[in-house]
Amino acid sequence: MTHARFLALVFLATAVLFSVNACDSYRGEAKYPSGHDRTTTGNDIYAKRESIFGKDGLTLLGGKEEKNDGSNGIGVNSYLWRASLDTVSFMPLASADPFGGVIITDWYIAEEKPEERFKVNIFILDKQLRSDGVKVKVFRQITKGGKWVDSTVADNTGTQMEDAILTRARQLRVADMGEE
């Protein structure tokens, strides 16, 4: 038997073994991620997988330092994110991107002033809970002749919303620190 034939035979045998193994693991039902799968069957597809390097993984040059700065799980500071959502919870959301840190509301019309409406864009700029970590842009329109027309917003409205978000973020952080 030539070397090329031997390699071809080994390759073919390996392919057959993988094919048989793949057929054996198929049970006739598709597994799609759902809350039901994760909570009742114990088949948590989102669970943290064990590493061959142990619980903490491979550590080089001293490893990593644990810190609770609120940046776990999403791309921005979680306290600023939750506080922003809490602050605009009365407005309908058009878009919310926790990885990019952008919250865009839809137009909101207060019952007491049906002739004006507001829209808010919130940008979370940092993974740290900092005073310059959030930026708010407020838009206002009023009705004129049955049509919505852009109007001015008081200069301090965005700053007041930023302050409200920062205050709520600090409250959330203090509440989390009290639970530890």
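The values are calculated or read from the model by the stated rules, or taken from the named source; none is laboratory data. The shown structure was predicted, so the numbers you read here are calculated from the model rather than taken from an experiment. Here the Cβ is made from the backbone with ideal geometry for all residues, glycine too, and neighbour counts use every protein chain on show.
The table below lists the values:
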| read-out | value |
| --- | --- |
| Pair list, Cβ < 8 Å and 6+ apart or interchain, from segment 161-180 residues that are at pLDDT 90 or above to residues that are acidic (Asp, Glu) | Arg168/Asp86 |
| Matching residues in segment 89-107 - criterion: being aliphatic (A, V, I, L, M) and touching a residue at least 12 places away in the same chain (Cβ under 8 Å) | Met91, Leu93, Ala94, Val102, Ile103, Ile104 |
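Residue by residue, here is whether (1) out of contact with any helix residue (DSSP H, G or I) (no Cβ under 9 Å at 6 or more places or on another chain); (2) in the same structural domain as Leu172 (by TED's automatic domain parsing); (3) of a type outside the set (Ser, Thr, Tyr); (4) surrounded by 15 or more Cβ atoms within 10 Å (Cβ to Cβ) holds:
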| position | (1), (2), (3), (4) |
| --- | --- |
| Leu85 | yes, yes, yes, yes |
| Val88 | no, yes, yes, yes |
| Ala94 | yes, yes, yes, no |
| Pro98 | no, yes, yes, yes |
| Gly101 | no, yes, yes, yes |
| Ala110 | yes, yes, yes, no |
| Glu115 | yes, yes, yes, no |
| Lys119 | yes, yes, yes, yes |
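Quick grid of which residues meet (1) within 13 Å of Met161 (Cβ to Cβ); (2) under 21 Å from the mean Cα position of the chain (by Cα); (3) assigned to a strand (DSSP E or B):
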| residue | (1), (2), (3) |
| --- | --- |
| Ala94 | no, yes, yes |
| Pro114 | no, no, no |
| Val120 | yes, yes, yes |
| Val136 | yes, yes, yes |
